[in-house]
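Notes follow once the structure below has been shown.
The values are calculated or read from the model by the stated rules, or taken from the named source; none is laboratory data. The structure presented is a predicted model; accordingly, all values stated were derived computationally and were not measured. Cβ placement follows ideal geometry from the backbone for every residue including glycine, while neighbour counts extend to all protein chains displayed. Protein only, heavy atoms only, side chains kept; ligands, DNA and RNA dropped before computing areas. Shrake-Rupley method; radii C 1.70, N 1.55, O 1.52, S 1.80 Å.
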Amino acid sequence: GTDTRRYANAYAMRTLTFCYCLTTDGADVHAAATLVSVLSLRRQHDRSRIVLVADEESARCLERHRHPLLTLVDELVPVPVPVSAAGMRNRHVKTRMPQIVRGDFLYLDGDTVVVRPLDEVFQIDAPFAAARNHNSSRLVEPEFAVELNTFKRLGWDPPGTPYVNGGVLFFRDDPAVGQFSELWHRKWLQASASGKHHDQSSLNSALWDSRIESRLLPHRFNAQVHVRPRTALGAHLWHIYASASKERLPRTGLDSLVRDFLSTGTPDPSAVASFCARPHPWLVKTPLDAIIIRRMLNRWDYLSEDRFECQWLSGRRRVALKGIFPAVGTRLARLLHAIRP
């Protein structure tokens, strides 16, 4: 229609803008993961505008450490926020991004890896777009129970539209987006009085209450690979969920890239390119790993932390084997540990 053509023409005439929101001490895994994400983004969109938004303390830490991330982004925007814990400072900024960043932009979490172009997102004919949380086909999944408790506790209306993930968000430079952002921030302040972040529950509540026109991003633009592994195949962006409990998640190439950067202090674009060229993000150390990953990729269902595949690929092999063969598994796990710790 007319709107689609208008947005496509506008997209063709301007530089694409991407935004990250970072809270860091200047030398931690959060800055390192964001560095990898930016390197992967530059491979696909080398002439794009990348804005790094950070609370003032984090911006000072990045500059004090002369972090290489600062050489890869086009703009660092320090934002004053109340003195608080790191997670709270981050959400103070994230929930106000449309009031901080100029023009249309695509926000990306720092634990994302861009493996194919994202320019199609900028042709969406709506002020806002996001992907379903957990790449689910349901309106709300049982796994959202903790977040939905926030709705009950605060008396918010339950969302009547699909529950979206806050890791990849598209915003247009539109008055409706500004009003939505203000509502999101107010709801986040209300929810965070309990001391928890609650940015995703407040995001979905604000979407529902504001009635802002929105679109659902296809799964390939926010493939939440740890909970829905099959989305990794053919994805444009892998969302690794690095903020989750690392010891309970399958190990990925992002983990290795972050570890290597933290040990050397030097970015390795060629290693990032090799990682992005792979069909999936998980580490394959043995032939059995490859078989388990293949099995995992053949299923569309939700991958919980207590599933065999998740336990095995996260290194919890004794637990994985005990779940299948309680007695034999324990002995086999000990043998494997003796052969290969």
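Tabulated values for the structure
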| quantity | calculated |
| --- | --- |
| Criterion violated by T252 - all others in (1) within 30 Å of H65 (Cβ to Cβ); (2) surrounded by fewer than 16 Cβ atoms within 10 Å (Cβ to Cβ); (3) polar (S, T, N, Q) satisfied | (2) |
| Residues located in segment 241-270, provided they are out of contact with any Phe, Trp or Tyr (no Cβ under 9 Å at 6 or more places or on another chain), modelled with pLDDT of 95 or more and among the aliphatic types (A, V, I, L, M) | V258, L262 |
| Yes/no for D209 being surrounded by fewer than 23 Cβ atoms within 10 Å (Cβ to Cβ), at pLDDT 95 or above and more than 27 Å from A145 (Cβ to Cβ) | no |
| Count of residues meeting criterion [out of contact with any helix residue (DSSP H, G or I) (no Cβ under 6 Å at 6 or more places or on another chain) and either under 16 Å from Q200 (Cβ atoms) or at pLDDT below 95 (or both)] in segment 108-127 | 2 |
| Among residues of segment 194-246, those that are polar (S, T, N, Q), under 19 Å from W300 (Cβ atoms) and assigned to a strand (DSSP E or B), counted | 1 |
| Conditions (1) among the basic types (K, R); (2) modelled with pLDDT of 95 or more; (3) farther than 27 Å from F261 by Cβ: number failed by R5 | (2) |
| Options A290, A277, A327, A333; residue that is at pLDDT below 90, surrounded by fewer than 16 Cβ atoms within 10 Å (Cβ to Cβ) and over 30 Å from D25 (Cβ atoms) | A327 |
| Some residue of segment 163-182 being over 27 Å from L52 (Cβ atoms), among the charged types (D, E, K, R) and open to solvent by 20 Å² or more (accessible area, probe 1.4 Å) | no |
